[in-house]
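Peer 1: Here's a structure for you.
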Amino acid sequence: MRGTAVVVGGGLGGLTAAVALHRVGWRVTVLERAPEFGEVGAGIGVMPNALRALDALGLGEAVRHDGTPRLPGGVRDHRGRALGHLDAAELERAGRLVAIHRADLHRVLRSALPAECLVTSADVVEVVPRVRYLADGDPVELEADLVVAADGIGSRVRSRLWPEVPAPVYSGTTAWRAVTDHTGDLEIGQYLGPGTEFGVLPLAAGRVYWYAATLSAPGLRAPDELAEVVRLCGDWADPIPALLAGTPGGSVLRHDVHELAAPPSTYVHGRVALLGDSAHAMTPFLGQGACQAIEDGVVLAAACADADTVAAALTRYDRERGPRTRSVARASRLMGRVGHGLRHPAAVAVRNALMRSVPTGVALSGMTRFSAWTPPALAAPPSPDRPV
Ligand SMILES: Cc1cc2nc3c(=O)[nH]c(=O)nc-3n(C[C@H](O)[C@H](O)[C@H](O)COP(=O)(O)OP(=O)(O)OC[C@H]3O[C@@H](n4cnc5c(N)ncnc54)[C@H](O)[C@@H]3O)c2cc1C
């Protein structure tokens, strides 16, 4: 089936859905509220599952080229001692992930769409019975066979059409992110200290993305956020002190982490589908939030290509995406609790001892539990001789 789709929101989720639908011959319009398309100045880990989804869209190579394909790094304590061991061959079996700047990933996705599909400064206010948005304050209406609500954790579409879904809640963790320069070869690394964790993802061209997450009351802000991270992690294992010392002051982003603790039981309402954070905003402790949004887009397009009606396509989308995304979200929450969520030294010592004693097979299956996913086949793109 082919048809017309409006995608509300041009984040990583909305753009992936738009590329995937375009690829199977749908006419797509992306409505983005911001005056420009873009992403926050931080990195992201594209896990093997999302990389396969991007491969299905023909974009995997561009993402590998603009990012750095790496073996997943091991988990260490804050002094740098390994918490368990997996050798390179086992890690290779788990699959490489690509660390990439968010802006680069966003650009790769945008480059796969005709410019006329992309509309900025378009604030969507309604999606039923028609899509209605404000362009510089003037109302504009659009008809579409399918509406993809990819308008993020604070989704207006969700609050209008799913009023019973509770608002997102604070997860108890605040997070800092920055991109800095670094010379020398760095590995991907995750360091767990009491109540705080630090992550390192080397990007292309000598840049490194780092993040720190700590238990905190909500809404706190420091006059100098970099100094706050130095206070928490400045004496941790190498390369953390050097990365912090090389980070330009003022370039550190801080966000309190929120999640949809009680996500909708269905992502579908008539011809409207929730996608990405609007459906299943999760904590970032498995690095899967955007990866799940990317999966959503490919599954939605495959369902739309294969089904005879939008209703049938959305039934399949809901069936395939609901259980998986809710399970990833639960696992991510748990990962936070047993990771930086432990603050008491005795609890941290027990956790670390347990992690060191986990057999490699169990550790490997834990790593591949979600990243082993493979995307559905996408129908061939329409031939240029048969424009849709
Ligand atoms: C600290 C942190 C670290 C993270 N790290 C990772 C990671 O390593 N790996 C990973 O996979 N995920 C990670 N995530 C999660 C990831 O960032 C999100 O899951 C992902 O960006 C969600 O994409 P989205 O497109 O669904 O939503 P968004 O990125 O929120 O995009 C929504 C878009 O909709 C637009 N919009 C909103 N309302 C309207 C409207 N009314 N009309 C028009 N447009 C509208 C917004 O302007 C925005 O552009 C992290 C999250 C955090 C907070």
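The values are calculated or read from the model by the stated rules, or taken from the named source; none is laboratory data. What you are looking at is a predicted structure, and each value in this text was computed from that prediction instead of being measured. When we count neighbours, we look across all protein chains shown, and the Cβ atoms used for this are built from the backbone with ideal geometry, even at glycine. With ligands, DNA and RNA removed, areas are computed over all heavy atoms of the protein, side chains included. Shrake-Rupley method; radii C 1.70, N 1.55, O 1.52, S 1.80 Å.
Peer 1: Which condition from (1) open to solvent by 10 Å² or more (accessible area, probe 1.4 Å); (2) acidic (Asp, Glu); (3) assigned to a helix (DSSP H, G or I); (4) within 13 Å of the ligand (Cβ to nearest atom) is the one that Asp256 breaks?
Peer 2: Against the list (1) open to solvent by 10 Å² or more (accessible area, probe 1.4 Å); (2) acidic (Asp, Glu); (3) assigned to a helix (DSSP H, G or I); (4) within 13 Å of the ligand (Cβ to nearest atom), Asp256 comes up short only on (3).
Peer 1: Taking the conditions exactly as written (closer than 21 Å to Asp181 by Cα, out of contact with any helix residue (DSSP H, G or I) (no Cβ under 7 Å at 6 or more places or on another chain) and modelled with pLDDT of 95 or more), does Arg52 satisfy them or not?
Peer 2: On the way: closer than 21 Å to Asp181 by Cα: no; out of contact with any helix residue (DSSP H, G or I) (no Cβ under 7 Å at 6 or more places or on another chain): yes; modelled with pLDDT of 95 or more: yes.
Answer is no for this residue.
Peer 1: Report whether or not Ala312 is under 30 Å from Arg207 (Cβ atoms), part of a helix (DSSP H, G or I) and more than 16 Å from the ligand (Cβ to nearest atom).
Peer 2: On the way: under 30 Å from Arg207 (Cβ atoms): no; part of a helix (DSSP H, G or I): yes; more than 16 Å from the ligand (Cβ to nearest atom): yes.
So Ala312 does not fit the description; no.
Peer 1: Can you pull out the helices (runs of 4 or more DSSP H) entirely within segment 21-138 that have at least 1 residues that are open to solvent by less than 50 Å² (accessible area, probe 1.4 Å), closer than 30 Å to Ala349 by Cβ and away from the ligand (no atom under 15 Å from the Cβ)? Outline the logic, then answer.
Peer 2: Values: elements: 48-56, 60-66, 88-94, 102-111.
Fully inside segment 21-138 and qualifying: 88-94.
Peer 1: Hey, can you tell me all the residues within segment 148-160 that are outside any strand (DSSP E or B), on the phi < 0 side of the Ramachandran plot and open to solvent by less than 30 Å² (accessible area, probe 1.4 Å)? Let's see the steps before the verdict.
Peer 2: Applying the first criterion (outside any strand (DSSP E or B)) to segment 148-160 yields 150-160.
Next, from what is left, pick out any that are on the phi < 0 side of the Ramachandran plot: 150-151, 153-160.
Matches in segment 148-160: Ala150, Ser155, Val157, Arg158.
Peer 1: Then there is this: I'd like the full set of residues that are closer than 23 Å to Asp77 by Cβ and exposed (fewer than 12 other Cβ atoms within 10 Å of the Cβ), limited to segment 346-378.
Peer 2: Ala346, Ala353, Ser357, Pro359, Gly361, Val362
Peer 1: Confirm whether Asp145 is open to solvent by 10 Å² or more (accessible area, probe 1.4 Å), in contact with a Ser or Thr (Cβ under 7 Å, 6 or more places away or on another chain) and away from the ligand (no atom under 14 Å from the Cβ).
Peer 2: On the way: open to solvent by 10 Å² or more (accessible area, probe 1.4 Å): yes; in contact with a Ser or Thr (Cβ under 7 Å, 6 or more places away or on another chain): yes; away from the ligand (no atom under 14 Å from the Cβ): yes.
Yes.
Peer 1: Just wondering, is there one or more residues in segment 1-20 that are within 12 Å of the ligand (Cβ to nearest atom), in a loop (DSSP other than H, G, I, E, B) and closer than 30 Å to Asp235 by Cα? Working first, answer last.
Peer 2: Pass one, segment 1-20, residues within 12 Å of the ligand (Cβ to nearest atom): 6-18.
Next, only the ones that are in a loop (DSSP other than H, G, I, E, B) stay: 9-11.
Subset that is closer than 30 Å to Asp235 by Cα: none.
No, that holds for no residue.
Peer 1: Give me the pairs: first residue in segment 271-289 and under 12 Å from Leu300 (Cα atoms) and near the ligand (Cβ under 6 Å from one of its atoms), second residue part of a loop (DSSP other than H, G, I, E, B) and at pLDDT 95 or above, beta-carbon distance under 6 Å, and six or more apart or on different chains, which are they?
Peer 2: Pairs found: Gly276/Ala150.
Peer 1: Could you tell me whether segment 140-158 includes any residue that is of a type in the set (D, E, K, R), more than 24 Å from Pro263 (Cβ to Cβ) and in contact with a helix residue (DSSP H, G or I) (Cβ under 8 Å, 6 or more places away or on another chain)?
Peer 2: At the first step, the residues of segment 140-158 found to be of a type in the set (D, E, K, R) are 141, 143, 145, 151, 156, 158.
Then keep just the ones that are more than 24 Å from Pro263 (Cβ to Cβ); that gives 141, 143, 145.
With in contact with a helix residue (DSSP H, G or I) (Cβ under 8 Å, 6 or more places away or on another chain) added as a condition, the list becomes 145.
The answer is yes, given that some residue of segment 140-158 is of a type in the set (D, E, K, R), more than 24 Å from Pro263 (Cβ to Cβ) and in contact with a helix residue (DSSP H, G or I) (Cβ under 8 Å, 6 or more places away or on another chain).
Conditions (1) surrounded by fewer than 23 Cβ atoms within 10 Å (Cβ to Cβ); (2) on the phi < 0 side of the Ramachandran plot; (3) under 19 Å from the mean Cα position of the chain (by Cα); (4) without any contact (Cβ under 8 Å) to a residue 60 or more places away in the chain, marked per residue:
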{"position": "Ser251", "(1), (2), (3), (4)": "yes, yes, no, no"}
{"position": "Asp296", "(1), (2), (3), (4)": "no, yes, yes, no"}
{"position": "Ala313", "(1), (2), (3), (4)": "no, yes, no, no"}
{"position": "Pro323", "(1), (2), (3), (4)": "yes, yes, yes, yes"}
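Peer 1: Need the failing condition index for Asp318 against (1) open to solvent by less than 50 Å² (accessible area, probe 1.4 Å); (2) within 13 Å of the ligand (Cβ to nearest atom); (3) out of contact with any helix residue (DSSP H, G or I) (no Cβ under 8 Å at 6 or more places or on another chain), just the number.
Peer 2: (2)
Peer 1: Which residues, taken from segment 161-176, are surrounded by 18 or more Cβ atoms within 10 Å (Cβ to Cβ), closer than 30 Å to Val268 by Cβ and of a type in the set (Phe, Trp, Tyr)?
Peer 2: Trp162
Peer 1: Here are some conditions: (1) within 19 Å of Pro168 (Cβ to Cβ); (2) touching a residue at least 24 places away in the same chain (Cβ under 8 Å). Trp236 meets all but one. Which one does it not meet?
Peer 2: That leaves (1) as the condition not met.
Peer 1: Can you list residue pairs whose Cβ atoms sit under 8 Å apart, with the first residue in segment 40-54 being closer than 20 Å to Leu71 by Cβ and of a type in the set (Lys, Arg) and the second being more than 10 Å from the ligand (Cβ to nearest atom) and open to solvent by less than 20 Å² (accessible area, probe 1.4 Å)? Count only pairs 6 or more apart in sequence or on different chains.
Peer 2: From residues that are closer than 20 Å to Leu71 by Cβ and of a type in the set (Lys, Arg), the pairs are Arg52/Gly60.
Peer 1: Out of the residues in segment 325-345 meeting the condition of being in a helix (DSSP H, G or I) and out of contact with any helix residue (DSSP H, G or I) (no Cβ under 9 Å at 6 or more places or on another chain), tell me which one is surrounded by the fewest Cβ atoms within 10 Å (Cβ to Cβ). Reasoning before the result, please.
Peer 2: Step one: list which residues in segment 325-345 are in a helix (DSSP H, G or I), which gives 325-338, 345.
So of that shortlist, the ones also out of contact with any helix residue (DSSP H, G or I) (no Cβ under 9 Å at 6 or more places or on another chain) come out as 330, 333-337, 345.
Details: Arg330: 12, Arg333: 18, Leu334: 14, Met335: 18, Gly336: 24, Arg337: 13, Pro345: 9.
By that ranking, first place goes to Pro345.
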